Amino acid sequence: PVVPFIVHALLEKLHKAYHARQETFAQMSGVAQEIVTGIRVIKSFAQERFQTRYFQKFSKEFQGSCNQLAKTDSLFAPALEIPMALGCVV
């Protein structure tokens, strides 16, 4: 009887983590598109290093959101198996 509550809680966390990952991916894609579109201007003002650091900031945010999603997702199977195993033991 505990499993549906655990599944519901984990699915809520997974939904939030997927949404956060998608949002950071959209931001990173937007920045990449801006950089590619304005590459001539960036090169003419010698702003390559600044733009690289700017993109890396969004890339690290995306990496963090992917890692958070992976951590949450990795809890799903054990959260189902442990209560079922305990139910069998009881």
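Could you tell me whether Glu61 is within 15 Å of Val2 (Cβ to Cβ) and either in contact with a Leu (Cβ under 6 Å, 6 or more places away or on another chain) or among the acidic types (Asp, Glu) (or both)? The answer is no for Glu61.
Name, by its number, the condition in (1) touching a residue at least 24 places away in the same chain (Cβ under 8 Å); (2) over 20 Å from the mean Cα position of the chain (by Cα) that does not hold for Phe76. Result: Phe76 fails condition (2) only.
Where helices (runs of 4 or more DSSP H) fall entirely within region 1-87, those with at least 3 residues that are aliphatic (A, V, I, L, M) and exposed (fewer than 14 other Cβ atoms within 10 Å of the Cβ) are at 3-37. For beta carbons closer than 6 Å, sequence separation of 6+ or different chains, a first residue in region 1-29 that is in contact (Cβ under 8 Å) with a residue 12 or more places away in the chain and a second that is open to solvent by 80 Å² or more (accessible area, probe 1.4 Å), the qualifying pairs are Ala17/Gln68.
The values are calculated or read from the model by the stated rules, or taken from the named source; none is laboratory data. Quick caveat, the model's predicted, so the values are computed rather than measured. Note that we place each Cβ from the backbone using ideal geometry, even for glycine, and neighbour counts take in every protein chain shown. All accessible areas refer to the heavy atoms of the entire protein, side chains included, with ligands and DNA or RNA removed. Shrake-Rupley method; radii C 1.70, N 1.55, O 1.52, S 1.80 Å.
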